[in-house]
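One structure is given below, represented as structure tokens, and several questions about it will come after.
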Amino acid sequence: MDEKKTKVESVDEYISQFPAEIQEILQKLRKVIKGAAPEAVEKISYQMPTFALSGNLVHYAAFKNHIGFYPAPSGIEAFKEELSGYKGAKGSVQFPLNQELPYELISRIVQFRAAENKEKAAAKKKGKEK
């Protein structure tokens, strides 16, 4: 990450720092994530747009040649086969900017992560009630 970049305070501010065509992709991605997890809350975390629901749900970020999508290792593992055509790591995937983002797949990953976070929160709450 470039040290000269100023810290962004909001998702709108983050998106506004990119060229129009990248802003368009980020806004569509934001809308897809919100649609898949309507109860999730937007915030900036790790200087990236983040959706949180009982903890961080997913992060995303724009780079020179790709959009980084960070659904945690469990989100990558659960959709490993469908994500196999993309560069990635344990908890991240890179969607090249020269290709249409797989919005339907992203939506399903977000839904998976939302269910996972809700389940963890419920289990944690149940554990405290004992």
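Nothing in this text is a laboratory measurement; each read-out follows from the coordinates by a stated rule. Everything quoted here is computed from the prediction, not taken from an experiment. Cβ sites come from the backbone with ideal geometry, for glycine too, and all protein chains shown count toward neighbours.
Size of the dipole of the chain about the Cα centre, Lys and Arg at +1 and Asp and Glu at -1 on the beta carbon, nothing else charged, in debye to 20? All intermediate terms of the calculation are to be shown ahead of the outcome.
Working: 21 positive and 17 negative charges, 131 e Å.
Around 620 debye, computed over the chain.
From the C-alpha coordinates alone, can you work out the Kirkwood hydrodynamic radius of region 47-106, in Å?
Details: mean 1/r = 0.0847 Å⁻¹.
For region 47-106, the Kirkwood estimate is 11.8 Å.
Give me the extension gain from residue 22 to residue 90: residue separation times 0.36 nm, minus the current Cα-Cα distance, reported in nm with one decimal.
On the way: separation 68, 0.36 × 68 = 24.48 nm, distance 2.51 nm.
Here the segment from residue 22 to residue 90 would lengthen by 22.0 nm.
Right, something else. To the nearest 10 degrees, how steep is helix 20-36 against the longest Cα principal axis of the chain, on a 0 to 90 scale?
On a 0 to 90 degree scale, this one is about 10.
Further question: Report the Stokes-Einstein translational diffusion coefficient (µm² s⁻¹, integer) for the chain, Rh taken as the Kirkwood radius over Cα pairs, at 4 °C with viscosity 1.567 mPa s. Please report the intermediate quantities before stating the final value.
Working: Rh = 15.3 Å.
Here the translational diffusion coefficient equals 85 µm²/s.
OK, next. List the pairs from 7/43; 7/124; 90/120 whose alpha-carbon separation is above 22 Å, in the order I gave them.
On the way: 7/43 13 Å; 7/124 33 Å; 90/120 20 Å.
Over 22 Å apart, Cα to Cα: 7/124.
Expressed as an acute angle from 0 to 90° and rounded to the nearest 10, what is the orientation of the C-alpha long axis of helix 103-129 relative to the principal long axis of the chain?
The two axes meet at around 30 degrees.
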